[in-house]
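Report on the following structure.
The values are calculated or read from the model by the stated rules, or taken from the named source; none is laboratory data. Source: prediction; values computed, not measured. Reconstructed Cβ throughout: ideal geometry from the backbone, glycine too, with neighbour counts over all protein chains shown.
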């Protein structure tokens, strides 16, 4: 059975594997998956639909699955020669494979169309 701190939040449809520890203030987003024997540090966030394999360690204050930093430049109709930046929503997810350790205060963005993938055993 997983241990979830009372101040942590597990959103609808999210799954947390056996033996995992979700520390204080952490958020596991809607339909996200945390594998077995993982540690999710204080105030970390796993955004919607992101997937963590088994034995993953996410240190304090990390956010996995934020919207990527993508923009397109559009010419301004009322001011020739100038442009406005339009945000491009990112539809991918983040997949963190087994035996990965992610440091504190890291941000891993979701992919534009495909998944951002962190390979097995990455440290």
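Observations on the structure shown:
- Scanning the range 65-77 for residues that are free of Cβ contacts under 8 Å to residues at least 40 places away in the same chain and closer than 22 Å to residue 119 by Cβ turns up nothing.
Conditions tested, residue by residue: (1) part of a loop (DSSP other than H, G, I, E, B); (2) surrounded by fewer than 19 Cβ atoms within 10 Å (Cβ to Cβ); (3) modelled with pLDDT of 95 or more.
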| residue | (1), (2), (3) |
| --- | --- |
| 42 | yes, yes, yes |
| 64 | no, no, yes |
| 72 | no, yes, no |
| 85 | no, yes, no |
